[in-house]
1. Output the number of residues of segment 41-83 satisfying the condition of being surrounded by fewer than 16 Cβ atoms within 10 Å (Cβ to Cβ), farther than 19 Å from Arg102 by Cα and touching a helix residue (DSSP H, G or I) at 6+ places or on another chain (Cβ under 8 Å).
2. Looking only at segment 66-122, how many residues end up being among the small types (Gly, Ala, Ser), within 27 Å of Leu41 (Cα to Cα) and over 10 Å from the mean Cα position of the chain (by Cα)?
Amino acid sequence: MLQPPHQSLQVAAVAPQRGPAREQEGPWHAEAVCRRDEAGLFFAPSKEPTAARLSREEAAKRVCGRCPVMVECREHALLQPEPYGVWGGLTAAERRVVLARRRRRDMEMKKAARASQIAAAG
Ligand code: SF4
């Protein structure tokens, strides 16, 4: 898996970015505003109360809002898919909603394509 651009100092200390993970980084990683998540905004600590989570996620989204690579980051997180954390201004739950919408849209497009093939053949 690709190293997240935003990693806590603890994670960075335990698993510094090097080797294959580093080589797999997308070019957008270098421009990530959250390269070092010193405030721990992007990933939930264990047993985080709901109010604290919502506040932390909003703060992370504000950081994403001024990030020049938000679109690339969001697509990466959707394509992986990244199961945890705020990526590209979306929480994990929000990404699940986007992915469900995309799946529904793809199914509808396939159905429409099939229907037009049948109509053309008949
Ligand atoms: S969009 Fe947000 S999570 Fe993604 S690289 Fe930028 S600051 Fe980090």
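1. 2
2. Looking only at that region, the number is 2.
No lab work stands behind these numbers, since they all come straight from the coordinates. Since the structure is predicted, the reported quantities are computational estimates derived from the model, not experimental observations. Cβ: placed from backbone, ideal geometry, glycine included. Neighbour counts: every protein chain shown.
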